[in-house]
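Q: Got a structure for you, questions after.
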Amino acid sequence: MIFAGFSEARLVPPRPTFVGNGLVSPWYRRVGPVTLLLLVVSYAVVWLLSRPAGVPTGTFWGQLLGAESVLLLSMGLVLVSTLPLVEQWFDGIDRAAIWHRRLAIVGMLLLVVHMMTATNPAGTSLGKLLAQAGATGLIALVVWSVLPRWRSVIPSRLHSLPDRASRLRVVALLRKLVGGYDRCRGFHRLTGLFVAAGFVHGLLDATTFGSPVLRWSYVGIAGTGLAFYGYRELLARRFMALHDYEIDRVTHVGDGLVEISLRPLGRALEYAPGQFAMVYLEARDGWHRHPFTIVSAPHEDAVRFTVKALGDWTGSIGDLVEPGMPAVIGGPHGRFTHRKGTRHQVWVAGGVGVTPFLSWLRSLDKHPVHAEVDLFYTSAEDPVPYAEEIRAIAARHPEVRVHIVRSTVEGRLTPAMILDQVPASPKDLSVFLCGPEPLVSAMSDGLRADGVPAGRFHREYFDWR
């Protein structure tokens, strides 16, 4: 059994969350991205100051772009290392993963320009072969990773064209062939090998590396990224907080929604309300790995997750797992907490995006919100999953007002509907969002336009997973 021995993993307490007055200061969310920008600019300055004589201008700039591409891809490897410091600098591992994807896209654009400009007639045959292998693998990886999540990486004003393309039959067939979390994750694990191929190609064929500064800075940058890649693939499992569990109950809570309850076999997972975990489940067709938001409260004996059928193995999870099957939980992760909010909060949940709010609600007795809350939960299902339980919790906690919006009956939830029913002024609100990207984007844009400060929006990302 591939997870034998996990019960001996050391217990890691949940990471502390940032506590503020609801207005997240710019440096807090930007310290990670600004650090990335400074590294990119600083590396370009190093190249310009250390430019060796005799290298043609076009070749120099082409190789500079290639080196910057390696830097971006190496930083991307650092961001997905799951180390606590990375999560802290980016206000959550989900935000770090979004930036990982952005770095990969920009890195690939630079790589394409590099391939068009940085010619070296005297290049080695091995270097050329490695360049082709690395570039082909990285381009395929970026396309494969971005296509299912394109909304999270391009501006909303550009969504109409991909929206129309996604309806084409050939695109639907392509998504079916390459879709699936396990398949995508398996290919994604090759990223470091493709970066390593490009790195060695640079050492073999770059004409600018007669400069020791450029050569050794290049080695240091790529070596750091590959070291983090090696840590994640070879060592991270030894240091992760992994906990042995067993499936206790499988409950169908809605159309395509299954709640899985796990009971601990050893040390229980410690987590904060609203966090998520990496869940390993042994099903009838083998082991599966997937991140899920925890919907239970920390004081409960069991850990519960609500799983939505997404077309991969989760589409048939209700038939693949049953009580008694083993499970392993890794984590927890995430910094999505109402403690970041103001005295007047709006929680917006769309569909299965209700999961972190369920954990918050179920935890109110021991983790009070200390604010007036309006929860807007929109769903196309009838009956709406968890609606009765949510209303019952709100009845015991008068600080929480619940607004259930059945989209098939009452229409789509809009920012105007929210502000009409919230007694506080928009400038005093903090907004927490979780749900499909179109809903989150519409709520963010509309509420910001109506006066909610930009720094008071908090969200859990779906698309990064």
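Q: Looking only at the range 284-309, how many residues end up being part of a strand (DSSP E or B) and of a type in the set (Gly, Ala, Ser)? Working first, answer last.
A: Looking only at the range 284-309, we keep the residues that are part of a strand (DSSP E or B), and these are 286-294, 303-308.
When the remaining residues are screened for being of a type in the set (Gly, Ala, Ser), the result is 286.
Total satisfying the criteria: 1.
Q: If Met108 passes every condition in (1) within 17 Å of Gly66 (Cβ to Cβ); (2) modelled with pLDDT under 85 but one, which one does it miss?
A: Only one criterion in (1) within 17 Å of Gly66 (Cβ to Cβ); (2) modelled with pLDDT under 85 is unmet by Met108, namely (2).
Q: For Ser441, state whether it is touching a Ser or Thr at 6+ places or on another chain (Cβ under 6 Å) and assigned to a strand (DSSP E or B). Before you say what the answer is, go through the steps one by one.
A: Details: touching a Ser or Thr at 6+ places or on another chain (Cβ under 6 Å): yes; assigned to a strand (DSSP E or B): no.
Answer is no for this residue.
Q: Do the conditions hold for Glu410, that is, is it surrounded by fewer than 15 Cβ atoms within 10 Å (Cβ to Cβ) and either modelled with pLDDT of 90 or more or of a type in the set (S, T, N, Q) (or both)? If you could, list the steps in order and put the result at the bottom.
A: Values: surrounded by fewer than 15 Cβ atoms within 10 Å (Cβ to Cβ): yes; either modelled with pLDDT of 90 or more or of a type in the set (S, T, N, Q) (or both): no.
Spelling it out, it is not the case that Glu410 is surrounded by fewer than 15 Cβ atoms within 10 Å (Cβ to Cβ) and either modelled with pLDDT of 90 or more or of a type in the set (S, T, N, Q) (or both).
Q: Does Ile393 satisfy being surrounded by 14 or more Cβ atoms within 10 Å (Cβ to Cβ) and under 20 Å from Ala297 (Cα atoms)?
A: Numbers: surrounded by 14 or more Cβ atoms within 10 Å (Cβ to Cβ): yes; under 20 Å from Ala297 (Cα atoms): yes.
Answer is yes for this residue.
Q: Among (1) farther than 30 Å from Val200 by Cα; (2) of a type outside the set (D, E, K, R); (3) at pLDDT 70 or above, there is one condition Thr136 misses while meeting the rest; what is its number?
A: Here Thr136 clears every test but (1).
Q: Looking at Glu259, is it buried (at least 18 other Cβ atoms within 10 Å of the Cβ), over 16 Å from Gly324 (Cβ atoms) and charged (D, E, K, R)? Break it down stepwise before answering.
A: Numbers: buried (at least 18 other Cβ atoms within 10 Å of the Cβ): yes; over 16 Å from Gly324 (Cβ atoms): yes; charged (D, E, K, R): yes.
The answer is yes for Glu259.
Q: Oh, and also: Considering each of Thr82, Thr119 in turn, give the residue that is closer than 25 Å to Ala227 by Cβ, assigned by TED's automatic domain parsing to the domain that holds Ser211, at pLDDT below 85 and of a type in the set (Ser, Thr, Tyr). Step through it out loud before you land on a result.
A: Values: Thr119 fails: closer than 25 Å to Ala227 by Cβ.
None of the other options fit; the residue is Thr82.
Q: Determine if the range 336-351 includes at least one residue that is surrounded by fewer than 18 Cβ atoms within 10 Å (Cβ to Cβ) and closer than 27 Å to Gly254 by Cα.
A: No, every residue in the range 336-351 fails to be surrounded by fewer than 18 Cβ atoms within 10 Å (Cβ to Cβ) and closer than 27 Å to Gly254 by Cα.
Q: Look at Ala349 and say whether it is in contact (Cβ under 8 Å) with a residue 40 or more places away in the chain, assigned by TED's automatic domain parsing to the domain that holds Pro415 and assigned to a strand (DSSP E or B). Don't jump to the end; show me each part of the working.
A: Values: in contact (Cβ under 8 Å) with a residue 40 or more places away in the chain: yes; assigned by TED's automatic domain parsing to the domain that holds Pro415: yes; assigned to a strand (DSSP E or B): yes.
So Ala349 passes the test.
Q: Hey, any hits in the range 291-310 for a residue that's farther than 27 Å from His367 by Cα, outside the structural domain of Arg189 (by TED's automatic domain parsing) and surrounded by fewer than 16 Cβ atoms within 10 Å (Cβ to Cβ)? Spell out the reasoning first.
A: So in the range 291-310, the residues farther than 27 Å from His367 by Cα come out as 309-310.
Still in the running and outside the structural domain of Arg189 (by TED's automatic domain parsing): 309-310.
Add one more test, that the residue is surrounded by fewer than 16 Cβ atoms within 10 Å (Cβ to Cβ), and what stays is none.
Among the residues of the range 291-310, not one is farther than 27 Å from His367 by Cα, outside the structural domain of Arg189 (by TED's automatic domain parsing) and surrounded by fewer than 16 Cβ atoms within 10 Å (Cβ to Cβ), which makes the answer no.
Q: Of all the residues that make up the range 397-412, how many are within 16 Å of Phe357 (Cα to Cα) and basic (Lys, Arg)?
A: Of the residues in the range 397-412, 1 are within 16 Å of Phe357 (Cα to Cα) and basic (Lys, Arg).
Q: For the list (1) part of a helix (DSSP H, G or I); (2) exposed (fewer than 15 other Cβ atoms within 10 Å of the Cβ); (3) touching a helix residue (DSSP H, G or I) at 6+ places or on another chain (Cβ under 7 Å), I need the number of the one condition that Gly266 fails.
A: (1) is the only condition that Gly266 fails.
Q: Return the residues of the range 399-424 that are part of a loop (DSSP other than H, G, I, E, B) and under 20 Å from Asp450 (Cβ atoms); say none if nothing qualifies. Quick ask: steps written out before the conclusion?
A: Pass one, the range 399-424, residues part of a loop (DSSP other than H, G, I, E, B): 399, 411-414, 422-424.
Answer for the range 399-424, where residues must be part of a loop (DSSP other than H, G, I, E, B) and under 20 Å from Asp450 (Cβ atoms): Gly411, Arg412, Leu413, Thr414, Val422, Pro423, Ala424.
The values are calculated or read from the model by the stated rules, or taken from the named source; none is laboratory data. Since this is a predicted model, take the numbers as computed values, not measurements. A quick note on method: Cβ atoms are made from the backbone with ideal geometry, for glycine too, and the neighbour counts reach across all protein chains shown.
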